[in-house]
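A short write-up of the structure that comes next.
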Amino acid sequence: MTDNPYRPGAAHAPPYLAGRDAERREFSRLLKQTPVLENLVLTGIRGIGKTVLMRAALRKDAIENSWIWVGSDISEAVSVSENHLARRLLTDLNTFSADWEYASDEQHPLGFTNVPERRTIRFDYQTMMALFEQEPGLVSDKIKRVLLEAWQLMQKHMPDKKGIIFAWDEAQNLADRSADNEYPLGVLLDVFSSLQSQGAPFMLVLSGLPTLFPKLVGSRTYAERMFRVMSLDNLNHEDSGEAISKPLEKEPEQIKTFFNSANEGIYALTKGYPYFIQFWCRELYDYVADARPFVDKKSTGIIERISRKLDNDFFEGRWARLTDRQRDLLGVIAHLENSDGEFTVQEIVNQSKLTGQAFSNSHANQMLTTLFDRGMIFKNRHGKYVLAVPLLDQYIRRHMHTESTDETSSHD
């Protein structure tokens, strides 16, 4: 048996990146900017493919278009202070700048006088931090000073490069901390807005959950004009088919035949959600490839078995952390006609009256805030909500049906 080609998992690149051509074309447009007027926000729920698109595709496109790409994941520690943000920026830049020669004026004692001596050093992290510390003013002034120096050195040492892209994943972790008088997110936006207005070819590419862009705008209202927002959705039917079939091009014909016949069913089960496509296909591949001799698996209960495994691996850990009343609210949401899309508080309240749960507007608002903090609900800029976990509504309906069946059986 050959290795399983499917790759479910956090940030694991699938064997074939399907359905993101429009996003790549739009990013190619941003790469042609002179000067940089727009930065990129890439947003969507977990498992939709943000990290893979950014690291496997956008990074490649940027490098092929003569941009320097630096970046990393953003941890919550970066938002502790403005100085932490500065260190993150300079650490990322150091991956390229450490080889650049930098002429520094230093005072060296000679006899009874200090005579300035010009010497060449590397523009590495230590040099950048020294410049940062020496520059007077606010943290934003200090960062601008270092990055402007980096711009000059890039033109000297890498004249074929168009600019530098700072690409940060999990950027929803960025936040201002007004209680501590620390505004790292505001500083980041101020620095890049200022440098770009001076013609410096620096671009931000930020990837994160749907909470990211509202955070940016909340920190600096002009952020709405700084960014091109691309929201990733589930793959459509055609793209899902390619995500399923393309990795199988070197597989035996019997495996290809099975997946061709299962294509429609996999799309119906996953709704085009990329992580679920990889999960289902990996499980089905192992099941089919291990069969000796090859047989039709349509009636063997494999769908129920994989569904149960997905529930255990993906949903039940999240569900177990909720209170009974939080589960009741999510149960109401799961029975909305638009449960897989956007919904409002009033729709929840109206539905709750039909199910006998009786949530008031204030109670529903309060619980949605708690579910937002638990990562189960997102609120968009238009005051509407969406489930943060894909196909959660289907899981809830399955779970409630199972509980109802078990309760009926126990009474019998």
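The values are calculated or read from the model by the stated rules, or taken from the named source; none is laboratory data. All values reported here derive from a predicted model rather than from experimental measurement. Here Cβ is always computed from backbone atoms with ideal geometry, including for glycine, and neighbour counts include all displayed protein chains.
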Would you mind finding the one in ALA103, ALA56 that is modelled with pLDDT under 90, within 28 Å of ARG7 (Cα to Cα) and not acidic (Asp, Glu)?
ALA56
Any chance you could count how many residues in the stretch 366-412 are surrounded by fewer than 15 Cβ atoms within 10 Å (Cβ to Cβ), more than 22 Å from the chain's Cα centre (by Cα) and modelled with pLDDT of 85 or more?
2
Identify the residue in the stretch 355-365 that is free of Cβ contacts under 8 Å to residues at least 24 places away in the same chain and not in a loop (DSSP other than H, G, I, E, B) and, among all such residues, is surrounded by the most Cβ atoms within 10 Å (Cβ to Cβ).
HIS363
Considering the stretch 59-71, residues that are in contact (Cβ under 8 Å) with a residue 40 or more places away in the chain and closer than 29 Å to SER240 by Cα, and then whichever is surrounded by the fewest Cβ atoms within 10 Å (Cβ to Cβ), we arrive at ASN65
Of the numbered conditions (1) closer than 22 Å to PHE202 by Cα; (2) in contact with a His (Cβ under 8 Å, 6 or more places away or on another chain); (3) not aromatic (Phe, Trp, Tyr), VAL52 satisfies every one except a single condition; which is it?
(1)
Kindly indicate whether any position in the stretch 6-29 is more than 19 Å from the chain's Cα centre (by Cα) and within 23 Å of LEU93 (Cβ to Cβ).
no
Yes or no: ASP3 under 30 Å from LEU392 (Cα atoms) and exposed (fewer than 15 other Cβ atoms within 10 Å of the Cβ)?
no
Would you pick out the residues in the stretch 276-318 that are at pLDDT 90 or above and more than 18 Å from PRO390 (Cα to Cα)?
ARG282, GLU283, LEU284, TYR285
Criterion violated by SER240 - all others in (1) under 18 Å from the mean Cα position of the chain (by Cα); (2) among the polar types (S, T, N, Q); (3) surrounded by 19 or more Cβ atoms within 10 Å (Cβ to Cβ) satisfied
(1)
Going by the conditions given, is LEU235 assigned to a loop (DSSP other than H, G, I, E, B) and buried (at least 23 other Cβ atoms within 10 Å of the Cβ)?
yes
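For the stretch 35-56, which positions are in a helix (DSSP H, G or I), of a type outside the set (Lys, Arg) and under 23 Å from MET158 (Cβ atoms)?
Step one: of the stretch 35-56, the residues in a helix (DSSP H, G or I) are 50-56.
When the remaining residues are screened for being of a type outside the set (Lys, Arg), the result is 51-54, 56.
Scanning the stretch 35-56 gives a single hit, MET54.
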Looking at the stretch 72-97, which of its residues are surrounded by fewer than 20 Cβ atoms within 10 Å (Cβ to Cβ) and touching a strand residue (DSSP E or B) at 6+ places or on another chain (Cβ under 6 Å)?
ASP73, SER81, ASP92, THR95, PHE96
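To keep it simple, each residue is scored yes or no on (1) in contact (Cβ under 8 Å) with a residue 24 or more places away in the chain; (2) in the same structural domain as LEU189 (by TED's automatic domain parsing); (3) not polar (S, T, N, Q).
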| position | (1), (2), (3) |
| --- | --- |
| PRO5 | yes, no, yes |
| PRO15 | yes, no, yes |
| ARG29 | no, yes, yes |
| GLU38 | yes, yes, yes |
| GLY47 | yes, yes, yes |
| ALA57 | yes, yes, yes |
| SER79 | yes, yes, no |
| SER97 | yes, yes, no |
In the stretch 48-106, which residues are in contact with a helix residue (DSSP H, G or I) (Cβ under 6 Å, 6 or more places away or on another chain) and among the basic types (Lys, Arg)?
ARG88
How many of the residues making up the stretch 334-349 are small (Gly, Ala, Ser), surrounded by 15 or more Cβ atoms within 10 Å (Cβ to Cβ) and not in a helix (DSSP H, G or I)?
1
Only residues that are touching a helix residue (DSSP H, G or I) at 6+ places or on another chain (Cβ under 6 Å) and in a loop (DSSP other than H, G, I, E, B): list them for the stretch 18-34, please.
ALA18, GLY19, ARG20
Residue among SER352, SER261, SER307 that alone is part of a helix (DSSP H, G or I), more than 24 Å from the chain's Cα centre (by Cα), hydroxyl-bearing (Ser, Thr, Tyr) and farther than 23 Å from SER240 by Cβ
SER352
